[in-house]
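Undergrad: The structure's right below; bear with me while I get my questions together.
All of the numbers you see were taken from the coordinates with simple rules; none came from a lab. Note that the structure is predicted; figures quoted are calculated from it, not measured. Counting neighbours? That spans all protein chains shown, and the Cβs are built from the backbone with ideal geometry, glycine included.
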Amino acid sequence: MTERLYYKDSHMSEFSARVLSACEEDGKFAVTLDKTAFFPEGGGQSSDTGFIDGVRVYDVQIRDGVIYHYTEKPLENGKEVTGIIDFDRRFRNMQNHSGEHIISGIVHRLYGFENVGFHLGDEMTVDFDGELTRKQLDEIETLANRAVYENLPVRAYFPGKDELSSLCYRSKKEISEELRIVEIEGVDVCACCAPHVNYTGEIGIIKILDFFKNKGGVRLFVKCGEDALNDYRDKYKNTLEISNLLSVKQFEVSAATQRLNEQLSAQKAEISVLKKRLVEEKALNFNGKESKTAVFEDGLDIKELQLYADALYKRNGGIRGVFSGNDENGYSFAICGVEAELDEFFGKFKAALPVRGGGRNGIVQGTVKANPQEIEKLF
Ligand SMILES: [Zn+2]
C-alpha cells in the first residue's frame, strides 16, 4: 500500500519518494511510489496532476490501496524521485470540497437530509435526498459563509474503535479500509478520504448557484473560493456590458430587458399588421395579364406568402405564385389556384425543378432551389 502523504499534510506540494514499479499498460506509463502527495481520483473528486522528476503526471488512480501515477514518459524503477503537485489545482479542489462539507453539515443539521451525490471536476455538484427551496438555500449559504468568517479549524484523523463508536458522523458510504474523519469544529463531522483546508478561512466565499429537483431531492451547483471569485468577476463584467448596452444601472438590467422584450413583441405585432396591409395593397395594384404568374418579394414569411398568393388569386383567378428568398439558399413559396388546375400545374413544377412541399384545397407551399428565370419560365 502506498503511504499517503496528503493524509498528514494537505498543503504539501513537493515530496521525495522511491519508484517501486514503473510499467507500461495499454500504451500508458504507470508509476507506483513508496509514498505520495498525489491525491488519486475518488469519492467524486478528480485526481491531482503535477510532475515526477519533471515528467508530467496527468492522472492518478488507486487500486487496492496502491496509488498509480500515469505519466507522459517512463520513469526508472528504484529511483529516488521528487514529486511536485499542481498546488493551484489541489487548493481549488480543497476550497470546493471543504465548502461542500460545510454546506452538507448545515443541511444535515437543519433538515436531516443526507448528501447522496458529489462530483468535483470542472464544476461541483452536490445532491441531497430532500427538497430545498431557494429561500432555504440562501439561508444555508449565509450560515456556510459565517462558518468561513469564524475561521474554524478543520481536523482530519483516524479514530480508534472506542472513539468511533461514540462518534456521530455523516458518511457518504465510501468503502474505505480505514475510516478517516474530517471534522469542522461545530459545523460538520464526516467520513472522507480527500485532502481539506486546515482552517475554514482558506475556503473564501461559498456560493450556491443553480439548483434543480432531482430524484426526490435537489442537485446544487456550488462554487467556492477562487472559483466563486472568477465566476463573480465574469458575471460582473457581463452585467456591466449589458447595463452599458441598455443604458441602465446594473441592478436594473433585468427590468430593462423585460421592457425591451415587451417593446419587441409589440413591434413584431405591428410589423405583421403592416406586412399584411402591404401584400393586400400589392395584390390590389397587380395587373398581370397572363393566367399564370410568379411574383418575387423580399422578406416574406410563409404566412405572408400565403396571404399574398391568396389575395392575388381571389382578385385575378388563374394560378398565382409568390416567392421570397434568394438564388443561393432557394425560395420559399405559396401558389394558389383552382384545385384541379393547381394540382396539375404543381405536378409539372415539381417534375421540372428541385421542389420540396405540397398542399391541398387550392393552395400549395414549400421551397424551391432555382433562379427566378427558371421559375418564371414554368409559369
Ligand atoms: Zn468529503
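Undergrad: Report the full-extension gain for the segment residue 267 to residue 18: residue separation times 0.36 nm, less the Cα-Cα distance, to one decimal in nm. Don't jump to the answer; show the numbers that get you there.
TA: Details: separation 249, 0.36 × 249 = 89.64 nm, distance 7.32 nm.
Full-extension gain reported as 82.3 nm.
Undergrad: Under a 10 Å cutoff between Cα atoms, tell me which one of 247, 265, 291 has the largest fluctuation in the Gaussian network model of the chain.
TA: Judging by the Gaussian network model, the answer is 291.
Undergrad: Right, next: With +1 on each Lys and Arg Cβ and -1 on each Asp and Glu Cβ, and nothing else charged, work out how big the dipole of segment 278-378 is about its Cα centre, in Debye to the nearest 20.
TA: Dipole about the Cα centre, nearest 20: 260 debye.
Undergrad: Sequence gap of 8 or more, or different chains, plus Cα separation below 28 Å: how many lysine pairs satisfy both in segment 90-230?
TA: Qualifying lysine pairs in segment 90-230: 19.
Undergrad: Shifting gears a bit: Computed FRET efficiency, Cβ-Cβ of residue 292 and residue 257, R0 45 Å: what is it to the nearest 0.05?
TA: 0.40
Undergrad: Can I ask one more? Looking at segment 194-319, what % of the alpha carbon pairs are farther apart than 25 Å?
TA: 62 percent
Undergrad: I would also like to ask the following. Which of 113, 305, 126 sits closest to the plus end of the dipole of the chain, meaning its Cα is farthest towards the positive end, when Lys and Arg get +1 and Asp and Glu get -1 on the C-beta?
TA: 305
Undergrad: Quick check for me: using +1 on Lys/Arg Cβ and -1 on Asp/Glu Cβ, what's the dipole size of segment 90-230 about its Cα centre, in debye to the nearest 20?
TA: 200 debye
Undergrad: Next question, about the same structure. Name the lysines eligible as straight-distance cross-link partners of residue 348: C-alpha to C-alpha under 19 Å, and not fewer than 8 places from it in the same chain.
TA: Of all the lysines, those that pass the test against residue 348 - Cα under 19 Å, at least 8 places apart if same chain - are 292, 369, 377.
Undergrad: Kirkwood Rh and Cα-based Rg: tell me the resulting Rg over Rh for segment 1-129, rounded to two decimals.
TA: On the way: Rg = 16.4 Å, Rh = 15.6 Å.
In segment 1-129, Rg relative to Rh is 1.05.
Undergrad: Cα-Cα pairs above 17 Å in segment 278-378: how many percent?
TA: Across segment 278-378, Cα pairs with separations above 17 Å total 44 percent.
Undergrad: Over the chain, with a Gaussian network built from C-alpha contacts below 10 Å, which listed residue (113, 87, 349) shows the highest mean-square fluctuation?
TA: Answer for the Gaussian network model of the chain: 349.
Undergrad: To the nearest 20 Debye, how big is the dipole of the chain about its Cα centre, given +1 on the beta carbon of each Lys and Arg and -1 on that of each Asp and Glu?
TA: So the dipole magnitude of the chain works out to roughly 1600 debye.
Undergrad: With a length cut of 27 Å (Cα positions projected on each helix's long axis) and a Kyte-Doolittle mean of at least -0.5, go through the chain and give me the DSSP H helices that pass.
TA: Helices meeting the span and hydropathy rule in the chain are 253-284.
Undergrad: Assuming R0 = 45 Å, what is the FRET efficiency of residue 129 and residue 302, from their Cβ-Cβ distance, to the nearest 0.05?
TA: Using R0 = 45 Å, I get an efficiency of 0.35.
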